[in-house]
Amino acid sequence: MMNRRQMIAGASAASAAWPLAVVERAAAQLAGNAFIVSGFPAGGMGDLLSRPLSERLRGSYAANVLVDNRVGAGGRLAAEYVKRANPDGLTILQIPASIMTLYPHTYKSLNYDPLVDFIPVTALCTYMYSFTASAALPAEIRTVAEFIAWARANPKQSSYGIPAAGSSLHLAGMMLQKAAGIELTAVPYRGGAPLLTDMLAGVIPVSFNVLGEVLPHVRSGKLRTLAVSSGQRSAFLPDAPTFVEQGFKEIALQEWLGWFLPARTPKDIVERLNLGVREGLQSPELVASLASSALQPTYMTPDEFARMVKQDYDRWAPIVKALGFTATD
């Protein structure tokens, strides 16, 4: 089976040769306005993609392409809304991987089936997590092993912040606890921004964060990354070792942001949107904007993206079972 790095590399190579004949079938724009539905507030990471891509698709894919933030239930409300939308290509779901690949294993019931109710269009970008230390952790602690030793010696102080309960960052913390055989207290926040505020203030010793959110503060020395979650080191922070390098082979997690359309959307519309995104992701301005937030643009054909969604869906099942985790609203 292809690993994640091979899959993404293969997708990049395939994009150059993927059927240009589709362009001829995609000449006419869709009638009406299209909406990119996001389950998260405006101003977040998703806007770095939804706003510029909506501009590039306007007048070619549809007359207007607008962003519709339908916030709630950790992104599930947006997924439920798009599931019920007409399959005419005018309602696009922009969602991170967890809502499609992790939630089906942690929630006892969902009002959507990610493998049945949607058609994968393409990934937009990939990103990783940072296991981050604040000034509340002694400055000499620079590795995961040193943190574990400190946590064993200081059980009352051994807590870690997460931007949301039940998120993949939460499960990353649980995976670390299980692998190290230690007890840590997860402290959930209402998003990455308030968590970052407390980290900078030294309120909590460590946290799991999206790398781009803490990267400027790691580079300035206010925070430090003990490990990154991906299988390979980050090009944006090459000096930070991975969990895998430090002996935690199961903690090799990389998140993606992607676009989906409702099931039964005609194939030519799916292909039209896919090619529009491919063109948008080649913009030097967009690539530079994403790099500033440690986001790697990642184009895939619909089939390639569908395979990655299923691969990630299957991978989470045994992890969640082993951790015995169940999400609650």
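The values are calculated or read from the model by the stated rules, or taken from the named source; none is laboratory data. Every value quoted in this text rests on a predicted model; they were computed, and no experiment measured them. Cβ sites come from the backbone with ideal geometry, for glycine too, and all protein chains shown count toward neighbours. Surface accessibility is based on the protein's heavy atoms, side chains included, excluding ligands, DNA and RNA. Shrake-Rupley method; radii C 1.70, N 1.55, O 1.52, S 1.80 Å.
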Note to self: Per DSSP helix of 4 or more residues, -39500 (n - 2.57); summed, then divided by the residues of the chain. What does that give at 222 nm, rounded to the nearest 500?
What the structure shows: -12000 deg cm²/dmol
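Averaged per residue, what accessible area in Å² does the chain show with a 1.4 Å probe, protein chains only? It would help to have the intermediate numbers written out before the result.
Details: 14310 Å² over 329 residues.
Ligands and nucleic acids excluded, the result is 44 Å² per residue.
Send over the per residue convex hull volume for the chain, Cα only, as a whole number of Å³.
Given the Cα convex hull of the chain, per-residue volume reads 125 Å³.
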Checklist line | Which of Leu237, Leu261, Ser289, positive extreme of dipole for the range 231-293 (C-beta unit charges) | finding: Leu261
Check: With axes computed from alpha carbons, what is the tilt in degrees of helix 302-323 against the longest principal axis of the chain, rounded to the nearest 10 within 0 to 90?
Finding: 30
Item checked: Peptides 115-128, 81-94, 304-317 ordered by average Cβ neighbours within 10 Å, highest first -> 115-128, 81-94, 304-317
Item checked: Helix 211-220 vs. the chain, principal-axis angle (Cα, 0 to 90°, nearest 10) -> 50
Margin query: If you fit an axis through the alpha-carbon atoms of helix 168-180 and take the longest principal axis of the Cα set of the chain, what angle between them do you get, 0 to 90°, nearest 10?
Written below: 40
Item checked: Alpha-carbon centroid distance for the pair the range 240-300 / the range 35-99, whole angstrom -> 15
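With a sphere of radius 10 Å drawn around the Cβ of Tyr107, what net charge do the other residues whose Cβ falls strictly inside it have (Lys, Arg +1; Asp, Glu -1)?
On the way: positive: Arg76, Lys108; negative: Asp329.
Neighbour charge sum, excluding Tyr107 itself: +1.
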Next item on the list: Sum up the charges of everything whose Cβ sits under 14 Å from the Cβ of Asp239, counting Lys and Arg as +1 and Asp and Glu as -1, but leave Asp239 out.
Entry: +3
Next item on the list: Please identify, among Pro302, Pro238, Pro163, the residue showing maximal mean-square fluctuation in a Gaussian network model of the chain using a 10 angstrom Cα cutoff.
Entry: Pro238
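Calculate what fraction, in whole %, of the accessible area of the chain sits on carbon and sulfur atoms when a 1.4 Å probe is rolled over the protein chains.
Working: 7710 of 14310 Å².
Roughly 54 percent, rounded to a whole number.
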Next item on the list: Quick one: work out the % antiparallel among DSSP beta bridges in the chain, nearest 5.
Entry: 55
Notebook entry, point to check: So for the chain, taking the charge dipole from beta-carbon charges (+1 Lys/Arg, -1 Asp/Glu), which of Val277, Leu93, Thr326 sits furthest toward the positive end?
Noted result: Thr326
Next item on the list: Sort 190-197, 271-278, 55-62, 253-260 for me by packing, meaning the mean count of neighbouring Cβ atoms within 10 Å per residue, highest on top.
Entry: 253-260, 271-278, 55-62, 190-197
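If the viscosity is 0.890 mPa s and the temperature 25 °C, what translational diffusion coefficient in µm²/s does Stokes-Einstein give for the range 188-259 when Rh comes from Kirkwood over Cα pairs?
Numbers: Rh = 13.1 Å.
The diffusion coefficient I find is 187 µm²/s.
Over all distinct Cα pairs, what is the inverse of the mean 1/r for the range 126-248, reported as the Kirkwood hydrodynamic radius in Å? The partial results should precede the final answer.
Numbers: mean 1/r = 0.0712 Å⁻¹.
Taking every pair of different Cα atoms in the range 126-248, averaging 1/r and inverting gives 14.0 Å.
Write down, largest first, the equivalent ellipsoid semi-axes of the range 161-226 in whole Å, where each equals the square root of 5 times an eigenvalue of the alpha-carbon gyration tensor.
20, 13, 11
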